[in-house]
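*Asks:* I'd like to ask you about the structure that follows.
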Amino acid sequence: MPAAPASGSRLRLTALLAPPLLWLTLAYLGSLAVLLLSAFWATDSFTSDVVHTWNTDNFHELLTTPVYRTIALRTLSIAAAVTVIDALLALPMAFFMARVAGRRWRRPLLVAVVTPLWAGYLVKAYAWRVMLGEDGVVNAALAPLGLHGPGYGTTAAVIVLGYLWLPYMILPVYAALERLPGRVLEASADLGAGAWRTLRSVVLPAVRPAVLAGSVFTFSLSLGDYLTVQIVGGKTQLLGNVIASQVTLDLPMAAALSAVPVVLIVCYLAAVRRAGALDSL
Amino acid sequence: MRKRKMSAGRSVAAVCALLLTAAAAGCGSGGDDGKGGHAPEKLGKGEGEVNIIAWAGYAEDGSNDPKVDWVHPFEKKTGCKVNTKTAGTSDEMVSLMKTGQYDTVSASGDATLRLIASGDAAPVNTALVPHYKDIFPALKQQPFNSRDGRMYGIPHGRGANLLMYRTDKVTPAPDSWRAVFDDAARYEGHVTAYDSPIYIADAALYLMRAKPSLGIENPYALDQKQLDAAVALLKKQHKAVGEYWSDYQKEITAFKGGDSVIGTTWQVIANLTKDEKAPVKAVLPKEGATGWSDTWMVSSKADHPNCAYRWLDWIVSPKVNAQVAEYFGEAPANRKACAETSDPDHCAIYHADDEKYFKRVHFWTTPIKQCLDGRKDTDCTDYAQWTRAWTEVKG
């Protein structure tokens, strides 16, 4: 008798899980597999038609052409820079929101952080294009100091990407800090630690997993981005741009190229997982 | 039934395309049967709609400017609803045509050969396009729009890639491409260039004059040594480039705001930038220029061929061809259009009938292995190599 409800619930569970699992394997992982598979095909150099002959030329070219290495390294450094900047901005901001500001201020601040997420990506990027332009407010504001803004280029791309992904860093750090018991901070003070010591030995270790979790977003989103770079990056070329320009001409090469960010992100996730950042997700 | 026939045609086309790239002789006359489908013998009833791929400004329906609308009159006259997809680059056009969802495309010469070779474009029966007889003879049966004596589209218009500059920031007024190549450092960070592998031809064109020892005869027929020289020149230019453009809106705002002060442009962009009150001027430098000659081609997989043919005839009819040419800033293809332009001097300004002028314009052509300048003793670089070189130029 007890077996019947068990098998019944198992059936229900299977029915419940089948559609999402099917979706995950077929549509989600399946498309990734097709993408990687097409990297092993060739392209007719004249008609741009995909020729289904198995070869590893694309990966060979990817690994031996210096320009691809340069672009991959540039993309990686931009993603790393964006992540570091966002972490440095998010920590004090989240600390202020969670521990310093009174209860009344907490909600408006949280809303202020989240609101930009509701605005369109392109609108925000183009707003920055206007601001960073030759006649833009950035140059106008810096002119009295005898300075000139960064103009369009790599610096501009880092600034705008840092702006775009900042909420994804603030929110997890804020959540971690809010959960941090006040008693721990009091204990630290009772034991004679100053503000710096408490920050270094108590707060930072406690929010480290949250920072790493936030960095997964800032890092992977920057790694795959190509629109921001197209809008404010000047002549900067990132992996995303090269993939986008190759998709129409040489799909297999584009597929091989897009394996690069996939590999980078998998490595990053593995590193972050070891640090325990994914436990709280 | 029809579908099955098409796919047989497609595989023949694929084989042909392979032969074409492998052998200098190409497909031969016998291999033409079925390649890219057949041109219809006569037109049937309209299908009620037509899907077109066009350059910005080629299929205006009044949404950009209420006074500029030749799509609605067409719909009213033929009952074919027009669905327009605006493409930014030739490469985008080629890949969109591969989807088979579009009936006709306003392809430039750097796309046409690829579309013909891949079987995506069908030969056109010019007898079904009554206005074809009024097209300038110099645009008919060109290497980039025909093969073996058959037209693969209806010529639409032509123009040059000009040199545009801010009159307040660039003095003296430039009259040579030298300003964006050897002298580019003077405007460091504010030079712009067209973001496409085909831009390599602009460097090659400059080298034809600046470095005759390279022996470049045709900017689209470069052997490895000549391509390397062009790439080296472009890498030098790269240091001075502020940004590359492929989106014409981006170039307008860049020139308006002073982020770009000198670089390549199309007449339409120069016109729109001037409309925005920016002090710019566009010139055809003394070396001549690269340029484009556009052709309306019909897809070999067209679902609405009858409406597509009606569009072809409509877009080159004198009045409409004049409207497009004036709005876009190009030389019309129909000689009767010159009588219909609102500015009576339009055809003179754009040298519509001036073959001597267009001798100085080297129309975009897909670079292929067999040298287009007739050299038999060497292999030329093809578009795939140009694409890789372009990635390298941008670094």
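*Asks:* Would you mention how many residues in the range B:378-389 are under 19 Å from the mean Cα position of the chain (by Cα) and facing chain A (nearest Cβ under 8 Å)?
*Replies:* 4
*Asks:* Looking only at the range A:4-26, decide whether some residue is of a type in the set (D, E, K, R), surrounded by fewer than 16 Cβ atoms within 10 Å (Cβ to Cβ) and over 28 Å from A:P209 (Cα atoms).
*Replies:* yes
*Asks:* Ok, one more. Taking the residues in the range B:337-370 that are within 14 Å of chain A (Cβ to nearest Cβ), more than 19 Å from B:N161 (Cβ to Cβ) and not basic (K, R) as candidates, determine which candidate is nearest to the chain's Cα centre (by Cα).
*Replies:* B:I368
*Asks:* Moving to a separate point now. Does any residue of the range B:195-207 turn out to be more than 14 Å from chain A (Cβ to nearest Cβ) and either among the polar types (S, T, N, Q) or in a strand (DSSP E or B) (or both)?
*Replies:* no
*Asks:* Looking at B:A138, B:A107, can you tell me which residue is within 28 Å of A:L249 (Cα to Cα) and within 17 Å of the chain's Cα centre (by Cα)?
*Replies:* B:A107
*Asks:* Which residues, counting only those in the range A:71-86, are more than 14 Å from chain B (Cβ to nearest Cβ) and touching a residue at least 12 places away in the same chain (Cβ under 8 Å)?
*Replies:* If the condition is that a residue be more than 14 Å from chain B (Cβ to nearest Cβ) and touching a residue at least 12 places away in the same chain (Cβ under 8 Å), then A:L76, A:I78, A:A79, A:A80, A:A81, A:V82, A:T83, A:I85, A:D86 are the ones that fit.
Matching residues to (1) within 19 Å of the chain's Cα centre (by Cα); (2) within 13 Å of chain B (Cβ to nearest Cβ); (3) at pLDDT below 90:
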residue	(1), (2), (3)
A:A187	no, no, no
A:G214	yes, no, no
A:S222	yes, no, no
A:L239	yes, yes, no
A:A244	yes, yes, yes
A:D250	no, yes, yes
A:P261	yes, no, no
A:I265	yes, no, no
A:V272	yes, no, yes
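*Asks:* Quick one: count up the residues across the range B:254-278 that are assigned to a helix (DSSP H, G or I), crowded, with 19+ Cβ neighbours inside 10 Å and within 14 Å of another protein chain (Cβ to nearest Cβ).
*Replies:* Of the residues in the range B:254-278, 3 are assigned to a helix (DSSP H, G or I), crowded, with 19+ Cβ neighbours inside 10 Å and within 14 Å of another protein chain (Cβ to nearest Cβ).
*Asks:* While we're here: From the list A:V216, A:V262, which one is surrounded by fewer than 19 Cβ atoms within 10 Å (Cβ to Cβ), in contact (Cβ under 8 Å) with a residue 60 or more places away in the chain and under 20 Å from A:A79 (Cβ atoms)?
*Replies:* Answer to the selection: A:V262.
*Asks:* Please determine, by comparing only the residues of the range B:239-253 that are assigned to a helix (DSSP H, G or I) and without any contact (Cβ under 8 Å) to a residue 60 or more places away in the chain, which one is most open to solvent (accessible area, probe 1.4 Å).
*Replies:* Of everything passing the filter in the range B:239-253, B:Q249 is most open to solvent (accessible area, probe 1.4 Å).
*Asks:* Among the residues of the range B:138-149, are any assigned to a loop (DSSP other than H, G, I, E, B), open to solvent by less than 40 Å² (accessible area, probe 1.4 Å) and touching a strand residue (DSSP E or B) at 6+ places or on another chain (Cβ under 6 Å)?
*Replies:* Yes, the range B:138-149 contains at least one residue that is assigned to a loop (DSSP other than H, G, I, E, B), open to solvent by less than 40 Å² (accessible area, probe 1.4 Å) and touching a strand residue (DSSP E or B) at 6+ places or on another chain (Cβ under 6 Å).
*Asks:* How many residues does the range B:176-191 hold that are more than 14 Å from B:A254 (Cβ to Cβ), within 14 Å of chain A (Cβ to nearest Cβ) and open to solvent by 30 Å² or more (accessible area, probe 1.4 Å)?
*Replies:* Summing the residues that are more than 14 Å from B:A254 (Cβ to Cβ), within 14 Å of chain A (Cβ to nearest Cβ) and open to solvent by 30 Å² or more (accessible area, probe 1.4 Å) in the range B:176-191 gives 1.
*Asks:* On the given criteria, is A:W128 within 14 Å of chain B (Cβ to nearest Cβ), farther than 18 Å from A:L223 by Cβ and either over 16 Å from the mean Cα position of the chain (by Cα) or surrounded by fewer than 18 Cβ atoms within 10 Å (Cβ to Cβ) (or both)?
*Replies:* yes
*Asks:* Which of the numbered conditions does A:L35 fail, given that it passes all the others? Conditions: (1) crowded, with 17+ Cβ neighbours inside 10 Å; (2) assigned to a helix (DSSP H, G or I); (3) of a type outside the set (K, R).
*Replies:* (1)
*Asks:* Name the single residue that is least open to solvent (accessible area, probe 1.4 Å) among those in the range B:73-94 being part of a loop (DSSP other than H, G, I, E, B) and either of a type in the set (S, T, Y) or within 14 Å of chain A (Cβ to nearest Cβ) (or both).
*Replies:* B:A87
*Asks:* Tell me, please, whether a residue that is assigned to a helix (DSSP H, G or I), within 14 Å of another protein chain (Cβ to nearest Cβ), at pLDDT 90 or above and surrounded by 13 or more Cβ atoms within 10 Å (Cβ to Cβ) can be found in the range A:133-153.
*Replies:* yes
*Asks:* Looking at the range B:95-113, which of its residues are outside any strand (DSSP E or B) and within 14 Å of chain A (Cβ to nearest Cβ)?
*Replies:* Result: B:S95, B:L96, B:M97, B:K98, B:T99, B:G100, B:D110, B:A111, B:T112, B:L113.
The values are calculated or read from the model by the stated rules, or taken from the named source; none is laboratory data. It should be emphasised that the depicted structure is a prediction, and the values quoted were computed from it without experimental measurement. Quick reminder, even Gly has a Cβ in these numbers, built from the backbone with ideal geometry, and neighbours come from all protein chains shown. Ligands, DNA and RNA are excluded from the accessible area calculation, which covers all protein heavy atoms including side chains. Shrake-Rupley method; radii C 1.70, N 1.55, O 1.52, S 1.80 Å.
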